[in-house]
Each structure stands twice: as C-alpha cells, then as structure tokens.
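**Q** Below you will find the structure I want to go over with you.
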Amino acid sequence: DNLSFPLICPDWSADEEMLLLEAIDMYGFGNWNDVADNVGTKSKSQCIDHYNAVYLNSPCFPVPDLSLVKGKNKEELLAMAKGHQVKKGSYVMSPVRIISSL
C-alpha cells in the first residue's frame with residue numbers, strides 16, 4: 001500500500017517514519033549517515049532532529065505522541081500536510097499547532 005500520507009507530523013510521511021525506525025534498528029542508534037541513506041528523502045540532520053523531537057522528547061516516550069492525529073483519516077492527514085486547517089466534527093486542528101507541539 002502507498003503510505004505517502006503524514007502520520008505523526010506534516011513533513012514526514014508514514015513511509016519515511018517506517019524507514020527511519022527500520023534503519024535505526026538495522027544500523028544501530030547513532031549511525032545517522034546510514035539511517036539517512038536508508039530513508040532516502042531526508043538528510044542526516046533531518047533524521048536526527050526528527051527522531052529527537054518526535055520519539056526521544058515525546059511525552060509518551062518511547063512512542064511518539066499521536067494524540068493530535070488520532071482519529072484522522074488519510075485525507076485529513078494529507079490536508080494537514082498541505083497546510084490547510086482540517087475540521088473534524090466541531091474541532092478545527094491547525095497544522096501549525098501540530099508542529100509547534102512536537
């Protein structure tokens with residue numbers, strides 16, 4: 001299946017998240033050049049920054065905080081990634097709020 005929609009934050013797709021975690025498992029924590037090569041679409045510094053912000057500094061450590069995207073469907077996640085506000089019921093979620101909370 002195509003996992004090109006964002007899962008945790010708007011600028012990382014579900015595919016990229018999986019590749020990041022698989023690479024850390026394969027190459028070991030701290031081998032960021034290999035991790036970035038495995039992800040393929042993100043630089044070493046982007047991988048480090050993302051992992052630190054989303055996983056290590058998560059209030060739900062060791063898993064990312066999914067509370068801001070929980071219950072959203074693929075279309076809503078894609079809209080968030082495009083910078084649009086997404087309305088779910090009567091609640092409006094701004095992508096800026098998602099990014100600033102990470």
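The values are calculated or read from the model by the stated rules, or taken from the named source; none is laboratory data. Only a predicted model underlies this, so the values are computations on that prediction, with no experimental measurement involved. Every residue, glycine among them, receives a Cβ derived from its backbone with ideal geometry; neighbour counts consider all protein chains shown. Ligands, DNA and RNA are stripped out before the accessible areas are found, and what is left, the full protein with its side chains, is counted by its heavy atoms. Shrake-Rupley method; radii C 1.70, N 1.55, O 1.52, S 1.80 Å.
**Q** Carbon-plus-sulfur fraction of the accessible area of region 1-45, 1.4 Å probe, in percent? Provide the component values of the computation, followed by the final result.
**A** Numbers: 1190 of 2480 Å².
Roughly 48 percent of what the probe reaches on region 1-45 is carbon or sulfur.
**Q** Rounded to the nearest 0.05, what FRET efficiency is calculated for Ile48 and Lys82 with R0 set to 22 Å and r the Cβ-Cβ distance?
**A** Values: r = 26 Å, r/R0 = 1.17.
Calculated value: 0.30.
**Q** On to the next question. Extension gain Ser4-Asn57, at 0.36 nm per residue separation less the Cα-Cα distance, in nm?
**A** Details: separation 53, 0.36 × 53 = 19.08 nm, distance 2.44 nm.
So the extension gain works out to 16.6 nm.
**Q** Hey, another quick one. What's the local net charge at Met26, with K and R +1, D and E -1, over the other residues with C-beta under 14 Å away? Walk me through the intermediate numbers first.
**A** Working: positive: none; negative: Glu22, Asp25, Asp34, Asp37.
Every neighbour counted, the sum reads -4.
**Q** With θ set to phi - 60°, apply the Karplus curve 6.51 cos²θ - 1.76 cosθ + 1.60 along region 64-78 and write out the HN-Hα couplings as whole Hz, x wherever there is a Gly or Pro.
**A** Taking θ as phi minus 60°, the curve returns x, 7, 9, 4, 7, 10, 4, x, 7, 8, 4, 5, 5, 5, 5 Hz for region 64-78.
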